[in-house]
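Written out below as structure tokens is the structure these notes cover.
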Amino acid sequence: MIQTMVTRLADRLHQDGSDIEGWLRLVRAYMVLGDRDKALAAVGDARRALASEPEKLRKIEELVKGLGIEG
């Protein structure tokens, strides 16, 4: 059930990537599920989707640093 919810969130974000809270939730969800690779892929997708929005990118970078998932 949880995996289905995470998959739906990921699908929604790939259609409309402007939702910063959604991206943050998705990365956290993958980490909770123990899937670091998917979390890192979501970070990359979020960076591309939010490339023109520096404030939102800053939030992604803060999460990455806080979770310690990327150097």
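Computed values, structure above
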| quantity | calculated |
| --- | --- |
| Tally, over the range 39-71, of residues that are in contact with a helix residue (DSSP H, G or I) (Cβ under 9 Å, 6 or more places away or on another chain) and either within 18 Å of residue 16 (Cα to Cα) or of a type in the set (A, V, I, L, M) (or both) | 21 |
| Flag for residue 57 being within 20 Å of residue 12 (Cβ to Cβ) and more than 12 Å from the chain's Cα centre (by Cα) | no |
| Hits in the range 1-18 - residues which are open to solvent by less than 40 Å² (accessible area, probe 1.4 Å) and not β-branched (Val, Ile, Thr) | 9, 10, 13, 17 |
| Neighbours by Cβ (under 7 Å, 6+ apart or cross-chain): first from the range 27-42, farther than 15 Å from residue 4 by Cβ; second among the aliphatic types (A, V, I, L, M) and open to solvent by 50 Å² or more (accessible area, probe 1.4 Å) | 31/67; 39/31 |
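Conditions (1) surrounded by fewer than 12 Cβ atoms within 10 Å (Cβ to Cβ); (2) without any contact (Cβ under 8 Å) to a residue 40 or more places away in the chain; (3) of a type in the set (Phe, Trp, Tyr), marked per residue:
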residue	(1), (2), (3)
23	no, yes, yes
47	no, yes, no
50	no, yes, no
55	yes, yes, no
62	yes, yes, no
67	no, no, no
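The values are calculated or read from the model by the stated rules, or taken from the named source; none is laboratory data. Remember, predicted model here, so these are calculated numbers, not experimental data. Note that we place each Cβ from the backbone using ideal geometry, even for glycine, and neighbour counts take in every protein chain shown. Ligands, DNA and RNA are stripped out before the accessible areas are found, and what is left, the full protein with its side chains, is counted by its heavy atoms. Shrake-Rupley method; radii C 1.70, N 1.55, O 1.52, S 1.80 Å.
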